[in-house]
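Working notes for the structure below.
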Amino acid sequence: MYKLYATLRKDLLLLLRDKVGITFIFIMPVILVLIITSIQNSAFDIVNNNKVPVLISNQDNGEAAVQFLDALDKIGLFELHLLRDSVNPVDLAARMHQEDALLAITIPIGFSERVSKRAVITANKAFQILETPESKSTQPLVSDTVILYYHPVLQDNYRLNIQNGLHSALKMVETKQILKVVYQSLNEDANVQQVDEDIFKSGIDVLEVPVSRGGIKTIPNATQHNIPAWTIFAMFFIVISLGSSLVKEKLSGSHLRLKTLPTNYLISLVSKLILYTGVCLGQVLVIFSLGVWLFPHIGLPALNLPQDLFGLFLVSLISALCAVSYAICIGVYARTQEQANGFGAVSIVILAAIGGILVPAFAMPEAFRSFMAISPLHWSLESYYGLFLEGGKLSDVWGNLLPLLAITFILQILAFAGLKKNNLI
């Protein structure tokens, strides 16, 4: 026990002398979490709260065009800026750059007239089917086009949401025009405007309820998603500090000097395992504390800790053990510090990519999802998400912790085999 204590004290002093290493271990992950969470929180605000500025070139000014603009405004996605004069596509593009607008919509001349004709044709077809189901109208529907100009910076999924909003507004206009024709045909004295308001105001609301194991109905925010993910990433990046430290000891001949003493190199490895596991838990404590207490003061959502704090500690402990075991395994097999740093850093990025940290699991190609099981970061992330996002307890995440423990055990066996092969023990 004294030998282990002495080795722990030696490793701790070496770590404290490495100011750059300590900065890399603690400060860099904090900066990373702050930046990523701020960016994603801003993205959430753009999608959920902020309206997209849209330039409107209305060349029609008919009833359907006015209804279309009113429908766009009610959707809540767009901040409409009406242009007084009709502009051509070149001038419209210039105005988009001048006014920093990502979208522009042109309503062509005759839009209202063509929508009205389409409504009449559709209503007549309905009446013909009611009178004689066998009869079919051969009159073609009148097609029309609303032109959408967009900035290339818009991503495809965001542009798809915008297109869905436009189609919803257009369908609303067409429905109003068809209802107008139908009611006027059935009853000339019908109050069409009142009927429209009654129909469109009596819609069925959608109540969003997040599904959680603990019955918690709090909607997860950007902080809940990012802090656990990037904390795992930071823990596994301990490979750069610990892996290079092991290689440095091998190159300096420390293990040979240990062989002349009544001790074992395994004690040194156990010392590093304990010390750097504590360092990883320190990373968790620092980053989670910032999420709980600092984030609300800088305009970011606060981190809501799960109810099962013991489960949170155990998930963090097992994740830290796996991260340190991976670093030891890399350090045992690497021959130079460059190999340890290069392979360690790149491999962690790859494991993070296939583990669902850099890219969400649902967005991965089907071929890559089969590789997620080999990434310890995936199982660690699923364990954290089971606690943070789903409101689960320790019993709910054991299915993710067992593979993580198995990977940790395999890494330690590989490290032991490497030590035996190199006659280090």
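Listed conditions (1) loosely packed, with under 14 Cβ neighbours inside 10 Å; (2) aliphatic (A, V, I, L, M); (3) more than 13 Å from Asp60 (Cβ to Cβ) are all met by Leu82, apart from (3). Can you confirm whether Phe200 is at pLDDT 70 or above and either aromatic (Phe, Trp, Tyr) or closer than 30 Å to Leu179 by Cβ (or both)? No.
Scanning the range 41-70 for residues that are within 33 Å of the chain's Cα centre (by Cα), surrounded by 16 or more Cβ atoms within 10 Å (Cβ to Cβ) and modelled with pLDDT under 85 yields Asn41, Val52, Pro53. Within the range 183-197, not a single residue is closer than 22 Å to Thr7 by Cβ, at pLDDT below 85 and either not in a helix (DSSP H, G or I) or not assigned by TED's automatic domain parsing to the domain that holds Ile287 (or both). Within the range 2-14, is there a residue that is at pLDDT 80 or above, within 23 Å of Thr231 (Cβ to Cβ) and not in a strand (DSSP E or B)? Scanning the range 2-14 turns up at least one residue that is at pLDDT 80 or above, within 23 Å of Thr231 (Cβ to Cβ) and not in a strand (DSSP E or B).
Hey, does the range 290-298 have a residue that's among the aliphatic types (A, V, I, L, M), under 30 Å from Lys420 (Cα atoms) and either touching a Pro at 6+ places or on another chain (Cβ under 7 Å) or surrounded by fewer than 20 Cβ atoms within 10 Å (Cβ to Cβ) (or both)? No, there is no match, as no residue in the range 290-298 is among the aliphatic types (A, V, I, L, M), under 30 Å from Lys420 (Cα atoms) and either touching a Pro at 6+ places or on another chain (Cβ under 7 Å) or surrounded by fewer than 20 Cβ atoms within 10 Å (Cβ to Cβ) (or both). Being at pLDDT 85 or above and part of a helix (DSSP H, G or I), is that true of even one residue in the range 353-360? Checked the range 353-360: at least one residue is at pLDDT 85 or above and part of a helix (DSSP H, G or I).
Among residues of the range 50-69 that are farther than 10 Å from Ser112 by Cα, those with a beta-carbon under 8 Å from a residue that is basic (Lys, Arg) and surrounded by fewer than 21 Cβ atoms within 10 Å (Cβ to Cβ) at least six positions away or on a different chain give the pairs Leu55/Arg95.
When Ala101 is tested against the conditions (1) assigned to a helix (DSSP H, G or I); (2) out of contact with any Phe, Trp or Tyr (no Cβ under 8 Å at 6 or more places or on another chain), the lone failure is (1). Being out of contact with any Lys or Arg (no Cβ under 9 Å at 6 or more places or on another chain) and in the same structural domain as Gln177 (by TED's automatic domain parsing) is the requirement here; does Gly62 meet it? Yes, satisfied. Tallying residues that are closer than 16 Å to Ile328 by Cα and under 21 Å from the mean Cα position of the chain (by Cα) within the range 367-413 yields 1. What about Gly399, is it surrounded by 18 or more Cβ atoms within 10 Å (Cβ to Cβ), in a helix (DSSP H, G or I) and in the same structural domain as Ile227 (by TED's automatic domain parsing)? So Gly399 fails the test.
Just one of the listed residues (Leu130, Leu154) is loosely packed, with under 14 Cβ neighbours inside 10 Å, at pLDDT below 80 and not polar (S, T, N, Q), namely Leu130. Going by the structure shown, is Glu390 in the same structural domain as Ile238 (by TED's automatic domain parsing), exposed (fewer than 15 other Cβ atoms within 10 Å of the Cβ) and among the acidic types (Asp, Glu)? No, not satisfied. Kindly indicate whether any position in the range 364-373 is surrounded by 22 or more Cβ atoms within 10 Å (Cβ to Cβ) and either free of Cβ contacts under 8 Å to residues at least 12 places away in the same chain or part of a helix (DSSP H, G or I) (or both). Scanning the range 364-373, I find no residue that is surrounded by 22 or more Cβ atoms within 10 Å (Cβ to Cβ) and either free of Cβ contacts under 8 Å to residues at least 12 places away in the same chain or part of a helix (DSSP H, G or I) (or both), so the answer is no.
Among the residues of the range 333-344, not a single one is within 20 Å of the chain's Cα centre (by Cα), without any contact (Cβ under 8 Å) to a residue 60 or more places away in the chain and assigned to a helix (DSSP H, G or I).
The values are calculated or read from the model by the stated rules, or taken from the named source; none is laboratory data. A quick note: this is a predicted structure, and the numbers were derived from the prediction, not measured. Ideal geometry is used to build each Cβ from the backbone, glycine not excepted, and the neighbour counts take in all protein chains shown.
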